[in-house]
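These notes are about the structure you will find just below.
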Amino acid sequence: MTKSDLLFQIRVAQGFNQMISDCEADLRKDEYPLIRVRQYLLTNRLKLTAALLVAFTLIGFYVGGGVLWWIVAFAPLYYASAARSLNRFVSNRRKAKRREERASLTARIEEYKARMHAPKVIPDAFLFQHALASFEMYLENMRADTLKECIQIYEEERRHEIADVKAQMRQGEMMRQNQANADRAHADAQEQTAEIKNAPYVAASAFHITKK
C-alpha cells in the first residue's frame, strides 16, 4: 500500500470516528427540552389554577351569579385536568419520537463501525481518534512511510508518556510527603517553643505549691 493510500484510509477512518462520536453525543442528550411556556405552566400549575379560580369566581359572581357563577368558578379545575391530560399526551408523543431517534442513532453507529472496520487495513486496536491523528501527522511530517512505522512510533511515544506520567506522580507524592514532614516538624517546633515559654510559670507554680 502506498503512502497516499494509507493516508486516505486513515482519513476515512477518522471521518467514521467523528460520525460515531456525534451520534454517541446525541444519544447522551436528555429528552426533548420543554417549550418555555409549557415548562412555566407545568412548574406553576397550582399557582395558575388558584389565580384562575379566584378570577373566574369574581367574574361569575359579578356577571350572573347562580348556576353561571358555579360554572365559571369551577372552570379552572377543568382547565387543570385538561392541562394534565394534554401534557401527558405530548410527553408520550415526544418520548416515542425520542425512542425512535435513539434506535436510529444506534443503528447508524453500528453501521459506521462496520464500515470503518471493513477495509481491514488499520488494526482495530488503533481505530480511535488519537491514534489515527498521530498516524496522519507521522506520514505528513515524513516521520514514517508505512503503517508499521506509524505503529512503532506511536507505541514508543505512548511508553514515554506513561513513564513521564508515572515520574510526575512519584514526584508529586514525594512533594506531598516532604510537605507533610515539614508540617509535622513545624508543629513540633511550635509545641517546644510553647513549652519553653510556659516553663517559668510552671516552675513558679511548683514553688508556691512546695512553699505551702
Residue in the range 132-139 that is assigned by TED's automatic domain parsing to the domain that holds PHE8, assigned to a helix (DSSP H, G or I) and hydroxyl-bearing (Ser, Thr, Tyr) present: no
Test set (1) assigned to a helix (DSSP H, G or I); (2) of a type in the set (D, E, K, R); (3) in contact with a helix residue (DSSP H, G or I) (Cβ under 6 Å, 6 or more places away or on another chain) - LYS113 fails condition number: (3)
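The values are calculated or read from the model by the stated rules, or taken from the named source; none is laboratory data. Note that this is a predicted model, so its numbers are computed, not measured. All Cβ positions, even for glycine, are placed from backbone atoms using ideal geometry, and neighbour counts span all protein chains on display.
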